[in-house]
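*Asks:* I'd like to ask some things about the structure below.
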Amino acid sequence: MDNRPRATGAALQDPARRDFLKVSALAGGGLVIGFTLPGCGRRPKDAAGGQPNAWLRIGGDNSITVLVDKSEMGQGVYTAMPMLLAEELGVALERVQVEAAPAGDAYVNTLLGVQVTGGSTSVRDSWEKLRRAGAQARVMLVAAAAQEWGVDAADCRVEDGHVLHGPGKRLSFGELAAAASALPPPADVPLKSVADFRLVGKPARRTDTPGKVDGTAQFGLDVQRPGMLHAALAQCPVLKGSVRSVDDAAARAMPGVREVLVTSSGVVVVADHFWQAKQARDALAIDWDEGPNAALDSRVIGRMLKDAAPASGAVARNDGDAQAAIGKAARVVRAEYRLPLLAHATLEPMNCTAEVGADGCDVWVGTQVQGIAQAAAAAAAGLPPEKVRIHTTLLGGGFGRRLEVDFIPAAVEAAKATGLPVKLIWTREDDTTHDAYRPPAYDQVAGAFDADGRLVAWQLHLVGPSITARMFPPVVADPAVPDPFAVEAAANYPYGVPNVYVDFLRQEIGIDVGYWRSVSHATNCFVVESFMDELAHAARQDPYEFRRGLLAEQPRWRRVLEEAAAMAGWGSAPAGRHQGIALMEGYGSYLAQVAELSVARDGTLTVHRICCAADCGQMVNPAIVESQVESGIVFGLTAALWGEITLERGRVQQANFDRYRLLRLNEMPALEVRLLASSEAPGGMGEPSTALVAPAVCNAIFAATGRRLRELPIARARGLKV
């Protein structure tokens, strides 16, 4: 019986071929290609209605613009997305300019059912639709040229932004754009085969790097508006608390202060400059209503999860009869694992610039959810959503933090109250102490061997709060269906075991939790792959060979496992060094990692090397994929070694990087990445490499010390120094 979670509602829909094509002319002569895919929600309004549906614009001035509906968080979409379009259009990558798509139903992520950048879906969602937009435009431009010349379109060719025929006929795309827009759109256009790719699949330099180097790239903190004021926000130190009353006399008397107002999220001070606003904010005398979390601390949260564990959860996987197999097994191994709250710690703290005028509201913000941001701003401004224009800036790190919109309303409320543009900035301390944290987890796992030493049962009971219940309630409306974003890297347990049972018990903890890079892949991969090492030890088998022997029917899993082991020279580490291995599939990509480390006599832990083999299907830009793998490993290693948010009396105890540690340059291990050639559909790569680091490192620690770590971060383990 297979009880793996299935997609529900609008979420997690499979992409399909284009539903319809829309072609229109640009003012002044030009071509616009737009279309929607099934599963995109409501039909887009006509351009005349104020919501354009466009993916590609070719102007009479020879400009080529792609509207990218994915936020640029450093993951490279402003290079990868234009590559997809340029490949089919037949132009060089540098010819294509990027514009951020507006908020609207026309730009819904077809894999997730909402307008969002997340879930490692950027390439997977755009793989067909941007290539198709380029192909449609190419066919129409060629048809327009053929009509102009009175020749057969089949005898024309595209080269460097021109259509050519024979030795003498040549017209640029700009010269043809207006005529092409008047032609009927082709019913269907075949896409290039992989063998014909000239750009896709080849390394290319990132197109956004020059702007980031010379300072012309615009992040949220860079936004400037005429007459702009600055704001700082005072929030209750207890999570979920609120303002009871405020004495703002001292703050209002300080230089530069323009306004002090109580908003939906706290007290905002608006001043001429940010430092003035911040100083005045700190001078406020606020009586806080600490609310229901005044006594909440980390120990209480841990007890909540453990006390809830005896109950059954929603079933995510049920093969065979795991309970019966465990009951009659010759040997049963059991363990409990605990994971902490984690902050996102983006290097650019939350910020938002808003301007409210007679014609609506403009918001400049780094966001992963343009539509949700638009709705939040509209509610704060008291306007209908169509009156709010979202201008997406570059993001100084997202990692799931900017799926939240908690930092947007106060900026809009301040702008509305002052009648001027207002930039609201959260300090690092604001951000760290008021994040939507990665959920904690308390998990119970058991494995059973028969009399011949074969692994015959696997049982995993996951306990924790649900992010999706708050963010997208319809997805988890049926209590019998587990949150699909809580059972990742668990429900897809790959090993050849006849009896497998996985369930998720939802237990809320009183504070908001949020999606964090790799979501439940990170928590569940730690449990699954750490416990697989425990089972290998119990079976007296090498951890690599133990896994490999259980993957006979999983060729992609087995291939990355073998490649990672070969890269690392599994079993032949230098003297004094020890290795640990971990394996996972996530977001349609398959990865294996080997960590190599040493533990000195005084307990000092040094991670020397991490090797990662990845099969992510067809790649757009291997250079970006490799960077994503490396960045994910760094992110995961930081969290594994030090990552932990703790609460006392409802107050977060970590406020800056002195207590919420990041990996430093001198602590960086050598990274080796091998990307495997594959003809499979593209997989996501923004997140999965993060999840394997903790189990690989902890398994290596066991190899070095004989100590099994079942709780993170590693820094809390007695006898180890990191």
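*Asks:* Could you tell me the center-to-center distance, by alpha carbons, between the range 668-722 and the range 548-584 in angstrom?
*Replies:* 12 Å
*Asks:* Starting from the Cα of residue 423, draw a straight line to each of the aspartates and glutamates and keep only those under 13 Å, dropping any in the same chain fewer than 8 residues away.
*Replies:* Residue 423 reaches 222, 272, 355, 362, 413.
*Asks:* What's the magnitude of the charge dipole for the range 288-369 around its Cα centre, counting Lys and Arg as +1 and Asp and Glu as -1 at the beta-carbon? Answer in Debye, nearest 20.
*Replies:* About 1060 debye.
*Asks:* Under 10 °C and 1.306 mPa s, how fast does the range 449-581 diffuse according to Stokes-Einstein, given a Kirkwood radius computed over C-alpha pairs? Answer in µm²/s, whole number.
*Replies:* Result for D is 94 µm²/s.
*Asks:* Could I ask something else about it? Where Lys and Arg each count +1 and Asp and Glu each count -1, what net charge lies around residue 646 among other residues with Cβ under 14 Å from its Cβ?
*Replies:* Within the 14 Å Cβ shell, the charges total +3.
*Asks:* Can you give me the relative contact order of the range 521-612 as a percent, contacts being Cα pairs under 8 Å and 6 or more apart?
*Replies:* Rounded, it is 21 percent for the range 521-612.
*Asks:* Report the dimensions of the range 248-314 along its three principal axes from the alpha-carbon atoms, largest first, rounded to Å.
*Replies:* Per principal axis, max minus min of the Cα coordinates gives 58, 23, 18 Å.
*Asks:* Right, another one. Explain nothing, just the number: relative contact order of the range 585-722, from Cα pairs under 8 Å at least 6 residues apart, as a whole percent.
*Replies:* It comes to 40 percent, rounded to a whole number.
*Asks:* Which of 161, 203, 183 sits closest to the plus end of the dipole of the range 138-231, meaning its Cα is farthest towards the positive end, when Lys and Arg get +1 and Asp and Glu get -1 on the C-beta?
*Replies:* Towards the positive end, the residue furthest out is 203.
*Asks:* What translational D, rounded to a whole number of µm²/s, comes out for the chain from Stokes-Einstein when the hydrodynamic radius is the Kirkwood one over Cα pairs, at 37 °C and 0.692 mPa s?
*Replies:* 120 µm²/s
*Asks:* Let a ≥ b ≥ c be the square roots of the eigenvalues of the Cα gyration tensor of the range 245-395; is it rounded (a/c under 1.5), or, if not, prolate (a/b larger than b/c) or oblate?
*Replies:* Since a/c reaches 1.5 and a/b is larger than b/c, the shape of the range 245-395 is classed as prolate.
*Asks:* Between residue 718 and residue 670, what length comes free when the chain is fully extended (0.36 nm per residue of separation minus the Cα-Cα distance, one decimal in nm)?
*Replies:* Here the answer is 14.7 nm.
*Asks:* Checking the a/c ratio against 1.5 first, then a/b against b/c, what shape does the Cα gyration tensor give for the range 544-639?
*Replies:* oblate
*Asks:* What does the net charge come to around residue 364 if you take all other residues with beta carbon closer than 15 Å to its beta carbon, with K and R at +1 and D and E at -1?
*Replies:* -2
*Asks:* Further question on the same structure: Based on the alpha carbon coordinates of the range 97-157, what radius of gyration and maximum Cα-Cα distance (Dmax) apply, in Å?
*Replies:* 16.5, 49
*Asks:* Now a separate question. So what's the back-of-envelope 222 nm ellipticity for the chain, counting only DSSP H runs of four-plus at -39500 (n - 2.57) apiece and dividing by all residues, rounded to 500?
*Replies:* -8500 deg cm²/dmol
*Asks:* Between the range 639-667 and the range 56-91, what's the alpha-carbon centroid distance in Å?
*Replies:* Result: 38 Å between the Cα centres.
*Asks:* From zero outward in steps of 10 Å, how is the percent of C-alpha pairs of the range 418-526 spread across the bins?
*Replies:* Values per bin, smallest distances first: 12, 35, 25, 15, 7, 3, 1, 0.
*Asks:* Also, quick follow-up: Pick out the long, greasy-scoring helices in the chain: whole DSSP H runs spanning 24 Å or more along their own axis by Cα, mean Kyte-Doolittle at least -0.5.
*Replies:* Span-like helices in the chain: 122-149, 520-538, 622-642, 688-705.
*Asks:* Can you classify the range 356-400 as rounded, prolate or oblate using the Cα gyration tensor, where a ≥ b ≥ c are the square roots of its eigenvalues, rounded means a/c under 1.5, and otherwise it's prolate if a/b beats b/c and oblate if not?
*Replies:* Note, shape of the range 356-400 comes out prolate.
*Asks:* What is the sum of charges around residue 327, taking Lys and Arg as +1, Asp and Glu as -1, for the other residues whose C-beta is under 15 Å from the C-beta of residue 327?
*Replies:* Taking every Cβ under 15 Å from that of residue 327, the sum is +1.
*Asks:* Further, regarding this structure: Please give the Cα centre distance for the range 108-139 versus the range 450-498, rounded to the nearest Å.
*Replies:* 29 Å
*Asks:* While we're looking at this one, here's another question. In cubic angstrom, how much convex hull volume per residue do the alpha carbon atoms of the range 364-441 span?
*Replies:* For the range 364-441, the hull spanned by Cα atoms encloses 105 Å³ per residue.
*Asks:* Starting from one equal scatterer on each C-alpha and no solvent at all, send me the Debye-based log10 I(q)/I(0) for the range 608-722 at q = 0.10 Å⁻¹, two decimals.
*Replies:* The Debye formula, applied to the Cα set alone, gives -0.37.
*Asks:* Using Cα-Cα distances under 8 Å and only pairs 6 or more residues apart, what relative contact order does the chain have, in percent?
*Replies:* 14 percent
*Asks:* Just to make sure I understand: if all protein chains stay in place, what is the order of 652, 315 by accessible area at 1.4 Å, largest first?
*Replies:* Listed by decreasing accessible area, they come as 315, 652.
*Asks:* Output the pairs from 70/416; 70/306; 212/278; 328/721 with a Cα-Cα distance over 31 Å in this structure; if there are none, say none.
*Replies:* 70/306; 328/721
*Asks:* Once the range 343-501 is represented by equal point scatterers at the alpha-carbon sites, with solvent omitted, what log10 I(q)/I(0) does the Debye formula produce at q = 0.09, 0.14, 0.16, 0.21 Å⁻¹?
*Replies:* The calculated log intensity ratios at q = 0.09, 0.14, 0.16, 0.21 Å⁻¹ are -0.45, -0.80, -0.93, -1.27.
*Asks:* Name the residue from 457, 330, 587 whose Cα lies farthest towards the positive end of the charge dipole of the chain, charges +1 on Cβ of Lys and Arg and -1 on Cβ of Asp and Glu.
*Replies:* Of 457, 330, 587, it is 330.
*Asks:* Would you mind estimating how fast the range 98-248 diffuses translationally, via Stokes-Einstein at 4 °C and 1.567 mPa s with the Kirkwood radius over Cα pairs, in µm²/s?
*Replies:* 62 µm²/s
*Asks:* Hey, any idea what the orientation-averaged projected area of the convex hull of the range 49-112's Cα atoms comes to, in nm²?
*Replies:* Its average projected convex-hull area is 5.3 nm².
*Asks:* Is there a quick way to get the dipole size of the chain? I mean about its Cα centre, with the Cβ of Lys and Arg at +1 and of Asp and Glu at -1; what is the value in debye to the nearest 20?
*Replies:* Here the chain has a charge dipole of around 860 debye.
The values are calculated or read from the model by the stated rules, or taken from the named source; none is laboratory data. Everything quoted here is computed from the prediction, not taken from an experiment. Here the Cβ is made from the backbone with ideal geometry for all residues, glycine too, and neighbour counts use every protein chain on show. Quick note on the areas: whole protein, heavy atoms, side chains included, nothing else; ligands and nucleic acids left out. Shrake-Rupley method; radii C 1.70, N 1.55, O 1.52, S 1.80 Å.
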